[in-house]
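Rule-based calculations on the coordinates, nothing more; no lab input. Please read all numbers here as calculations on a predicted model, not as lab measurements. When we count neighbours, we look across all protein chains shown, and the Cβ atoms used for this are built from the backbone with ideal geometry, even at glycine.
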Amino acid sequence: MTTLYDVARLAGVSTATVSRVLHGQDRVRETTRARVQKAIEELGYVPDNAAQSLSRGRKEVIGIVCIERPADHHENMNLTYTDELLHGVESHIRMLDWSLLITFWNEATDPGFPRLAAMSGKVDGVLIGEGSFPARLLDRLAARVPVTLIAGPPDERAFDVVTADNRAGAAAVVTHLVAKHGSRRLFHLDGPPNAPDASERRLALEEVLHEHPGSRLVGTTHGSFSVESGAEGGERILAAFSDDLPDAIVCANDQMAIGLLRTFAQAGLSVPADVAVVGFDDIFAGRFTDPPLTTVYQPMRTLGERACARLIERITAPSLPPAVELLPTELVIRSSCGCPPGTSIRQPVLTAQE
């Protein structure tokens, strides 16, 4: 195996000079740098990243903990979100030439801390893929390494958080239903009670209805953000409102809205003629439902990029005060809300910070 000493010998320089070239330091003459780089190429030298990281006091690895729900449905309810998130994180970290360690955590099968503790010893910091991660484990993890929350609560004060402006986005789509289409009786197909993004979307719905007293909430049921739970929610709605459907169903995400549309279609209902349906996330499949889904776009890939950038900042400057970054959303108007077929309009939504 070619070593640093072999490169130094071929280039006729000291090992310290080779090290400075490898680290991109500027205290090397350009002619010397070129000679060292030529020696590296001729010998096929590959630096020992572990040794280099050790010399800098870092592992140059970050971890990400993705939340895996109990496997009580046929589909992976978080596949789209997690895939986009990981692409965003990886696109940022590759520019730094760092590595990414990924694990999936399921509270039902991993109630303890040992596996997360082992991970913390291998990385410089950890991203938490969803804000519903248990606080008791989050505190223990943060005591070991820097942590950044993705999709965490926007009122968080102890940790860095990067999240979409769920409240502004949800308020925009509910306002569209009430003000544009005159929806008076709304039903909410909510997300998991402990999910911060679902909580923000729920608060937005309540705030819009408070501002429009002519409209009201006629019912709520919780789902788990999956297509299957959306279909089950649709069955519960049909059972509760067999003779008098609500004007509109506000779904906490697109996957549940897609399941709801499937149930309504099987029951012979026409959306939006019989009932309007809206979602949240703007996943790709929502463009091809029948009818196409009115929803709110949240920048899932950018969430990963910005969270990774913030974690790197925290690693390099541990004394930074915790910060919350709200990413803007867009209202995406199609025809499931009652707009004419073929409608496709994107409207930026101002964040609370603006």
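With contacts taken as Cα pairs under 8 Å at a separation of at least 6 residues, the chain carries a relative contact order of 17 percent.
Our summary gives region 206-347 a relative contact order of 19 percent, counting only alpha carbon pairs under 8 angstrom and 6 or more residues apart.
Subtracting the Cα-Cα distance of A179 and E156 from 0.36 nm times their residue separation leaves 5.1 nm of extension gain.
Of all DSSP bridge pairs formed entirely within the chain, close to 20 percent run antiparallel. Please state, as a whole number in µm²/s, the translational diffusion coefficient that the Stokes-Einstein equation yields for region 4-47 at 37 °C and 0.692 mPa s, with Rh defined as the Kirkwood radius across alpha carbon pairs. It diffuses with D of about 330 µm²/s by this estimate.
When the chain is modelled as a GNM with alpha-carbon springs shorter than 10 Å, which of T163, T302, T103 fluctuates the most? Comparing T163, T302, T103 in the GNM, the peak value goes to T103. The alpha-carbon of K122 sits under 29 angstrom from the alpha-carbons of these lysines, leaving out residues fewer than 8 places away in its chain: K59. Based on C-alpha pairs under 8 angstrom that are at least 6 apart in sequence, region 4-47 has a relative contact order of 43 percent. Between E211 and T103, full extension at 0.36 nm per residue minus the direct alpha carbon distance yields a gain of 34.6 nm. Phi-derived couplings, Karplus 6.51 cos²θ - 1.76 cosθ + 1.60 at θ = phi - 60°, listed residue by residue for region 212-219: 10, x, x, 10, 8, 8, 9, x Hz, with x used for Gly and Pro.
A Cβ-based charge dipole, computed about the Cα centre of region 281-354 with Lys and Arg at +1 and Asp and Glu at -1, lands at about 80 debye. A dipole drawn for the chain from +1 and -1 charges on Cβ atoms has a positive end, and of L101, P341, S183 the residue lying farthest that way is L101.
Under a model in which nothing but the beta-carbon of Lys, Arg (+1) and Asp, Glu (-1) is charged, the chain shows a dipole of about 1340 debye around its Cα centre.
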